[in-house]
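The values are calculated or read from the model by the stated rules, or taken from the named source; none is laboratory data. Quick caveat, the model's predicted, so the values are computed rather than measured. Here Cβ is always computed from backbone atoms with ideal geometry, including for glycine, and neighbour counts include all displayed protein chains. Quick note on the areas: whole protein, heavy atoms, side chains included, nothing else; ligands and nucleic acids left out. Shrake-Rupley method; radii C 1.70, N 1.55, O 1.52, S 1.80 Å.
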Amino acid sequence: MRIIKTIKHLKSILSAARGKGLTIGFVPTMGYFHEGHLSLMYRAKKECDICVVSIYVNPKQFGPKEDFSRYPRDIKRDAMMAKKENVDILFIPSDNVIYPNCYLTCIDVEKISSLLCGKYRPGHFKGVATIVAKLLNIVAPDIMYLGQKDAQQVVVLKKMAADLNFPVNIRVVPTVREEDGLAKSSRNVYLTQAQRAQAPVLYQALKSAAKRMRAGECRASQIVGMISRSIKQYSDGKIQYVACVGADTLEPLKMLKGKVLVALSVTFGKTRLIDNVIVSVKNPGKI
Ligand code: AMP
């Protein structure tokens, strides 16, 4: 595995590979790897000749009161884990490489960036779209791999890629979870023991809601109500939102039909956890 720090170096290696007809899979990350990240690398390696992983904690996607400076970082450990996953290239650019002096350009995927998490993290998806657009231009992969855990990020980045004609395929990889159901996240290390013990309620509530939807419940208000009640009953988490929206559009739904994204964000102390499930509602209105 090669660790590359400059755009010029990365581009020269990748253009040589492309010249040989090799395909490139790309996994953008902020590092501090867990099995969620590794599952994206595994897929990329399986489906492409070369797997490129980037690690960059992007300051533009953190709000002024968010955890940018304390976000967990451990490049040595990450490099060992990536190597075990047979990653070919780990791209670790510095701030100067990504945002040189006088950097001015941002990408704003309007409307859908201000829904759900966007309401609580203004500017977040603008930062995400900007860094991913830059990385796509630098790496020029055939396929980019994203995790379903960040469902809104997937919708925003797919829209950006479509609107701006990025010649990339996007593959979405299922959420990897702890044994008790909690979605793996670099931020789980912030949880106290008591918060960690309560956090699995999020996925339990989502799973029960999915079951109810499959049994025919098609009123979004009932689903949102049932999830919210469980979270309040079994944890001290503070709900930011629980929502049922169109899985491909993020459009708010009153009656559930088609591919529905049930998503939530809950804070435990200062730690914000998100999770979601996608449910196909085939026969709406049985209840
Ligand atoms: P991050 O380092 O948090 O920016 O995440 C990098 C990529 O890993 C994103 O595409 C995430 O959606 C994905 N990811 C994070 N957590 C998980 C998880 N538990 N399961 C699957 N993918 C994940």
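Listed values, structure above:
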| quantity | calculated |
| --- | --- |
| Given (1) in contact with a strand residue (DSSP E or B) (Cβ under 6 Å, 6 or more places away or on another chain); (2) open to solvent by less than 30 Å² (accessible area, probe 1.4 Å); (3) farther than 25 Å from Val109 by Cβ, number of the condition Ala247 does not satisfy | (3) |
| Within region 186-216, tally of residues that are surrounded by fewer than 16 Cβ atoms within 10 Å (Cβ to Cβ), of a type in the set (A, V, I, L, M) and away from the ligand (no atom under 15 Å from the Cβ) | 3 |
| Region 20-47, residues that are open to solvent by less than 10 Å² (accessible area, probe 1.4 Å) and hydrophobic (A, V, I, L, M, F, W, C) | Ile24, Phe26, Val27, Phe33, Met41, Ala44 |
| Unmet requirement for Tyr71, which otherwise passes all of (1) surrounded by 20 or more Cβ atoms within 10 Å (Cβ to Cβ); (2) touching a residue at least 60 places away in the same chain (Cβ under 8 Å) | (1) |
| Complete set of residues in region 196-209 that are out of contact with any helix residue (DSSP H, G or I) (no Cβ under 9 Å at 6 or more places or on another chain) and among the small types (Gly, Ala, Ser) | Ala197 |
| Enumeration of residues in region 43-68 that are near the ligand (Cβ under 9 Å from one of its atoms) and free of Cβ contacts under 8 Å to residues at least 60 places away in the same chain | Ile55, Val57 |
| Residue match in region 233-246 (condition: in contact (Cβ under 8 Å) with a residue 40 or more places away in the chain, within 16 Å of the ligand (Cβ to nearest atom) and not hydroxyl-bearing (Ser, Thr, Tyr)) | no |
| Every residue from region 133-156 that is among the aliphatic types (A, V, I, L, M) and touching a residue at least 40 places away in the same chain (Cβ under 8 Å) | Leu135, Leu136, Ile138, Val139, Ala140, Ile143, Met144, Leu146, Ala151, Val155, Val156 |
| First in region 21-42 and touching a residue at least 40 places away in the same chain (Cβ under 8 Å) and near the ligand (Cβ under 7 Å from one of its atoms), second anywhere and open to solvent by 50 Å² or more (accessible area, probe 1.4 Å) and assigned to a helix (DSSP H, G or I), Cβ under 7 Å, 6 or more apart | Gly31/Ile75 |
| Residues that are touching a strand residue (DSSP E or B) at 6+ places or on another chain (Cβ under 8 Å) and small (Gly, Ala, Ser), drawn from region 111-152 | Ala140, Gly147, Ala151 |
| Residue in region 213-244 that is farthest from Ala162 (Cα to Cα), counting only those that are of a type in the set (Lys, Arg) and in contact with a strand residue (DSSP E or B) (Cβ under 8 Å, 6 or more places away or on another chain) | Lys232 |
| Enumerated helices (runs of 4 or more DSSP H) restricted to region 72-185, each holding at least 3 residues that are within 16 Å of the ligand (Cβ to nearest atom) and not charged (D, E, K, R) | 75-84, 124-139, 151-163 |
| Residue that is open to solvent by 30 Å² or more (accessible area, probe 1.4 Å), modelled with pLDDT of 95 or more and over 19 Å from Ile98 (Cα atoms), where the choices are Leu146, Leu164 | Leu164 |
| Any pair with Cβ under 6 angstrom, 6 or more apart, that starts in region 201-228 at a residue that is over 13 Å from Leu256 (Cα atoms) and free of Cβ contacts under 8 Å to residues at least 24 places away in the same chain and ends at one that is in a strand (DSSP E or B) and open to solvent by 40 Å² or more (accessible area, probe 1.4 Å) | Ser228/Ile239 |
